[in-house]
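Notes for the one structure printed next.
The values are calculated or read from the model by the stated rules, or taken from the named source; none is laboratory data. It should be emphasised that the depicted structure is a prediction, and the values quoted were computed from it without experimental measurement. Reconstructed Cβ throughout: ideal geometry from the backbone, glycine too, with neighbour counts over all protein chains shown. Note: areas computed on protein heavy atoms with side chains; ligands, DNA, RNA excluded. Shrake-Rupley method; radii C 1.70, N 1.55, O 1.52, S 1.80 Å.
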Amino acid sequence: MAGRHHRRLSAIVLAAGEGTRMRSALPKVLHPLCGRPMLLHVLDALGELPLDRIVVVVGHGAEQVTKATQELVTSTVPVEFVEQAVARGTGDAVTVALTAFGDDVDPDDDVLVVLGDTPLLRAETLAALAAEHRLAEAAATLLTARVDDPTGYGRIVRDAGGRVERIVEHADAGSDELTIDEVNPSIYCFRRGLLAPALRRLDRQNAKEELYLTDVVGVLREAGHAVLAIEVADPVEALGVNDRSQLAEAETELRMRINRRWMRDGVTMTDPAQTYVDAGVEIGPDVHLLPGTILQGRTVVATGAIIGPSTRLVDTTVGRDAVVDHTVARDSEIGAGATVGPYVSLRAGTRLAPGSHVGTFVEIKNSDIAEGAKVPHLAYVGDADIGAGANIGAGTITANYDGRRKHRTKVGKGARTGSNTVLVAPVEVGDGAYTGAGAVVNRDVPPGAMAKGVPARIEEGWAAKRDDGGLDDEGTMEGS
């Protein structure tokens, strides 16, 4: 590579725009794509490069954008924020960004400039842009794209020798220039020592009366400096998101990238087009995702699990070889070998131990279901601890809320509740205890006892007598 043996590289991200075409109170760069704000995808790509720093220019919703980005950014490259208090155009935004560098200016250093609404941009493309820029000893190198519909984009005007002469914005383009299909997606690499002087020569003689960063290209050419243009191989990668339709298109492209990555890593997807995996999800090999599966947030799925069909998991961990079918789960843990569904709702704080079973039409909230325990169907378990090997009968509910406070229920090891049991918390059903069908249990049931009736009457020692063959089941085994 020509030039000095070490030239520092930094990046500026322009994220100050209001994004009026999104028609949203949310700043454009914070609209989510595959579970991550648009701006974070740009920072993720930049974070893979050997950068000194990343400077993000914020404006509309500056405090909101800064706070959200600081909370979620994973880049090891230092990220700084500067505010463009008044929107005077992209040229002014870059001028504001350069103030973050202070006196730390080496004329041979380089700076990438990208937009915060280009979430499909790849690190490899940015690295190639910087490499070509340095190899050519250029003052500026820009990425270009050829598109079928260039409406809204600046056009690349080349001279008779095919060299970039200038960039003309769509609003300022003449009829001949509007026919040009090579556009400027506003992704650049500049020699930093030449950028600031060129910015000072910009004027507002244009349709928007703004300082256009694109005009820097013409300024540098007029001064005799080399300007290079590199056409991106995949135009989709470089194009920005300006409205909800383009947001959906970007989501589709990004989702297919994510799916292809996981399939290469050994994950089976019956129908990738109907499989939705957020950028922050982790999946082990030999996982099978059936159609309609949606994995969001910080969800982790271990090796061999089968998820779906029609299942949504948010911030949920799934253990090895678990099966989760037609289920919605949030902030939950599903243990190895557990079986869940169909038609199950796991609310925040639910923990299913290895080998447990939760069946059809069951809702569980903030509860621990121990190893081998079963909640087979038609039950609500909230704020409860269900012991190992226990069986919760059909129609059982925990009445955990008294109108002011939540109370906890405990069901011991090997205990069994009959159909339509109501457990009125706080209450404890002891190890090996039973409840009869339809019982309303509002006081503790000792180990091995039977609770039946409304309100429940307690028969101590009932389980031992039953095991001796002296008693009938009285419907207590329903739901096993």
| note | Selection from segment 134-149 of residues farther than 20 Å from residue 235 by Cβ and of a type outside the set (Lys, Arg) yields 135, 136, 137, 138, 139, 140
| task | Being over 39 Å from the mean Cα position of the chain (by Cα) and not small (Gly, Ala, Ser) narrows it down to one of 360, 435, 398, so name that one. | result | 435
| request: Please find, within segment 385-408, the residue that is surrounded by the most Cβ atoms within 10 Å (Cβ to Cβ) out of those that are in a strand (DSSP E or B) and of a type outside the set (D, E, K, R). | output: 392
| task | Give the number of residues within segment 217-272 that are open to solvent by 50 Å² or more (accessible area, probe 1.4 Å) and closer than 21 Å to residue 151 by Cβ. | result | 9
| field | Qualifying position, being part of a strand (DSSP E or B), in contact (Cβ under 8 Å) with a residue 12 or more places away in the chain and open to solvent by 10 Å² or more (accessible area, probe 1.4 Å), among 376, 309, 354 | value | 376
| query | Do we have residue 35 as buried (at least 18 other Cβ atoms within 10 Å of the Cβ), in contact (Cβ under 8 Å) with a residue 60 or more places away in the chain and at positive phi here? | reply | yes
| remark: Checked segment 184-204 for anything part of a helix (DSSP H, G or I), under 14 Å from residue 222 (Cα atoms), open to solvent by 20 Å² or more (accessible area, probe 1.4 Å) and of a type in the set (A, V, I, L, M, F, W, C); matches are 194
| Single residue of segment 273-306 satisfying the filter (of a type in the set (Val, Ile, Thr) and open to solvent by less than 30 Å² (accessible area, probe 1.4 Å)) that is farthest from the chain's Cα centre (by Cα) | 287
| said: If a residue counts only when it is aromatic (Phe, Trp, Tyr), open to solvent by less than 40 Å² (accessible area, probe 1.4 Å) and touching a strand residue (DSSP E or B) at 6+ places or on another chain (Cβ under 7 Å), which strands (runs of 3 or more DSSP E) contained entirely in segment 409-456 have at least 2 such residues? | reply: none
| Here are some residues: 369, 334. Which one is among the β-branched types (Val, Ile, Thr), over 16 Å from residue 305 (Cα atoms) and open to solvent by less than 20 Å² (accessible area, probe 1.4 Å)? | 369
| Scan of segment 138-160 for residues that are in a strand (DSSP E or B), open to solvent by less than 60 Å² (accessible area, probe 1.4 Å) and touching a residue at least 24 places away in the same chain (Cβ under 8 Å), ordered by number | 140, 141, 142, 143, 144, 145, 154, 155, 156
| Here are some residues: 121, 126, 112. Which one is open to solvent by less than 30 Å² (accessible area, probe 1.4 Å) and part of a strand (DSSP E or B)? | 112
| field | Tally, over segment 185-243, of residues that are of a type in the set (D, E, K, R) and within 18 Å of residue 97 (Cβ to Cβ) | value | 6
| task | For segment 357-373, name all the residues that are acidic (Asp, Glu) and part of a strand (DSSP E or B). | result | 363, 368
| task | Only one of these is of a type in the set (Asp, Glu) and under 33 Å from the mean Cα position of the chain (by Cα): 117, 108, 172. Name it. | result | 117
| Complete set of residues in segment 321-351 that are in a strand (DSSP E or B) and charged (D, E, K, R) | 330, 333, 351
| said: Show the residue pairs meeting these rules: Cβ distance below 6 Å; 6+ apart or different chains; first residue within segment 226-239 and outside any helix (DSSP H, G or I); second residue of a type in the set (Ser, Thr, Tyr) and at pLDDT 95 or above. | reply: 228/141
| Some residue of segment 166-183 being open to solvent by 20 Å² or more (accessible area, probe 1.4 Å), touching a residue at least 60 places away in the same chain (Cβ under 8 Å) and assigned to a loop (DSSP other than H, G, I, E, B) | no
| query | Restricting the search to segment 91-109, which residues are part of a helix (DSSP H, G or I) and open to solvent by 60 Å² or more (accessible area, probe 1.4 Å)? | reply | 95, 99
